[in-house]
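The structure appears below as structure tokens.
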Amino acid sequence: MEGLISMTNKELIKLEVIQKVRSKKLTQRQASEHLGLTTRQIKRLCKRYQTEGPKGLISQKRGSKGNHKLPEDLKQKAVQIIWSKYQDFGPTLAREKLLELDHINLSIGTVRNLMIKNCIWNASQIKRKITHQMRERRSKYGELIQVDGSPHAWFENREPKCALIVFVDDATSKLMYLQFEEAETTWAYIKGVKSTVLKYGRPSAYYSDKHNIFRINHPNALSGDGLTQFGKILADLGITLICANSPQAKGRVERANRVLQDRLVKELRLNSISTIEEANAFLPSFMEKFNQRFAKTPKSPLNAHREIPKDLDLDRIFRLRETRYLSKNLTFQYKNKLYQIKTSRPTYALRKAKVDVFENKDGEVLVEYKKQKLSYSIYVERPLQGEEVHSKELNTKLDNLLKKKYKPTKRHPWKRKASSGALNY
């Protein structure tokens with residue numbers, strides 16, 4: 001219908017004001033103040049209304065293409081690339097990879113809309129959030145390092161699951177240490193502490209969960225000094241260990257794990273990385289980009305990392321340490337082996353003596369009495385009894401055992417050789 005005109009509420013208000021100006025009920029200055037326009041614009045609107053009627057007050061941009069509208073061929077190209085390479089990526093990461101690898105510069109909102117429109121990505125529903133007490137970041141870099149392990153299918157279906165050891169600075173959210181390991185073990189965390197201490201210095205404290213790698217959870221434990229192997233090393237280094245009551249308490253490293261489980265998995269896929277060795281070689285460059293993207297500036301410019309004292313023997317500190325008491329024959333047992341102490345001093349001086357047994361990652365054993373090294377020989381190796389394994393290492397231990405090739409006995413049917421058409425028994 002030719003007489004039908006579509007107008008917005010804003011345009012209807014403008015029509016009413018211009019009509020009052022035309023009928024001398026309002027002055028042009030009053031109209032300009034009412035509509036928020038200049039007097040010159042009011043004159044133009046009155047002129048257009050006189051020549052074209054109400055239609056002249058409608059925006060001339062209606063129905064025309066926007067100056068910033070993307071070409072359709074660019075949209076189709078972006079959608080095809082996302083379908084083929086970034087189908088399970090989120091909009092933010094997909095946009096970064098389109099720019100980095102495919103040189104297509106689109107906004108996050110555009111990529112999100114394209115992915116939703118083409119059913120590549122669905123916006124997740126907002127879940128009901130549980131309120132946890134907020135804790136302010138530490139002000140100094142190196143005051144508190146949050147540590148955690150993240151077991152995950154990092155290589156998807158290309159390799160079995162493994163664990164990623166993660167150290168995050170609380171003040172900056174900076175990744176301090178990343179390393180792939182077969183499982184969360186004491187040695188995996190010791191390796192992380194050694195690497196970060198040598199690179200950055202000694203932090204004030206580490207913040208972890210209550211896994212038995214970090215603390216003794218048995219309430220009535222009577223033997224020992226109340227410290228785990230990890231705790232003993234931190235005590236020797238003068239670093240405090242704090243254990244969180246809940247995963248939410250160490251949210252900085254938990255959120256880092258969640259981001260890494262999304263981004264790092266896809267980075268490993270794009271770079272065709274399928275082994276722990278290749279992944280660990282790739283991690284330094286990934287950490288540098290990650291920290292540039294997500295690290296924060298601390299409130300205080302001071303660095304809380306402390307230098308390593310020159311009198312500290314790091315080779316001695318970064319070992320497992322146990323206490324043993326010598327028998328009358330100067331022997332002690334450690335890991336199903338009987339050790340015989342060799343000494344030129346009178347034997348009665350060492351009877352019932354308390355000695356420290358140190359073991360490095362390669363299984364080399366060092367025995368000390370009052371910080372003096374003792375020579376020894378392994379007298380007899382006893383049969384292996386039930387092995388103590390941490391809960392987080394159990395699956396990896398069983399998987400390694402099951403990997404061993406089954407060797408049938410000589411009398412197994414597979415081994416029986418037919419002789420003259422008959423089986424030999």
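Taken together, the values in this text are just the output of simple stated rules run on the coordinates, not laboratory data. This one's a predicted model, so the numbers in the text were calculated from it and none came from an experiment. Quick reminder, even Gly has a Cβ in these numbers, built from the backbone with ideal geometry, and neighbours come from all protein chains shown.
Of K310/K371; K65/K97; K161/K250; K199/K310, which pairs sit farther than 22 Å apart, going by alpha carbon to alpha carbon?
Working: K310/K371 17 Å; K65/K97 29 Å; K161/K250 24 Å; K199/K310 15 Å.
Among K310/K371; K65/K97; K161/K250; K199/K310, the Cα-Cα distance tops 22 Å for K65/K97; K161/K250.
Distance between the C-alpha centers of the range 282-330 and the range 152-229? Whole Å please.
Answer, in whole Å: 11.
Mind sorting Y339, Y200 by how few other Cβ atoms lie within 10 Å of their own Cβ, fewest first?
Y200, Y339
Taking 0.36 nm per residue of sequence separation and subtracting the Cα-Cα distance, how much length would be gained by fully extending the chain between N118 and E16, in nm to one decimal?
Stretched fully, the N118-E16 segment lengthens by 32.3 nm.
How many angstrom lie between the Cα centre of the range 1-34 and the Cα centre of the range 46-91?
28 Å
Could you list log10 I(q)/I(0) for the range 243-369 at q = 0.11, 0.17, 0.19, 0.20 Å⁻¹, which the Debye formula gives when each Cα is one point scatterer?
Summing over Cα pairs of the range 243-369 leads to -0.76, -1.03, -1.12, -1.16.
For the pair K310 and L227, how long in nm is the line joining their label points, each one 7 Å along Cα→Cβ?
According to this spin-label approximation, the distance is 2.5 nm.
FRET efficiency for S246 and E136, Cβ-Cβ distance as r, R0 = 22 Å, nearest 0.05? Each step should come with its number before you reach the end.
Numbers: r = 18 Å, r/R0 = 0.80.
So, using R0 = 22 Å, E works out to roughly 0.80.
Work the Kirkwood hydrodynamic radius out for the range 144-294: mean of 1/r over every pair of different alpha-carbon atoms, inverted, in Å.
When all Cα pairs of the range 144-294 are included, the Kirkwood radius is 16.1 Å.
From the Cα trace of the range 9-57, what convex hull volume per residue do you get, rounded to a whole Å³?
Enclosed volume per residue, from the Cα hull, is 59 Å³.
Please arrange W154, W121, W83 by counting, for each residue, the other beta carbons lying within 10 Å of its beta carbon, fewest first.
W83, W121, W154
Going by how many other beta carbons lie within 10 Å of each one, how would you line up S377, S204, fewest first?
S377, S204
Given the Cα-Cα distance of T331 and N105 and 0.36 nm per residue of separation, how much length would full extension add, in nm?
Gain on stretching T331 to N105: 74.2 nm.
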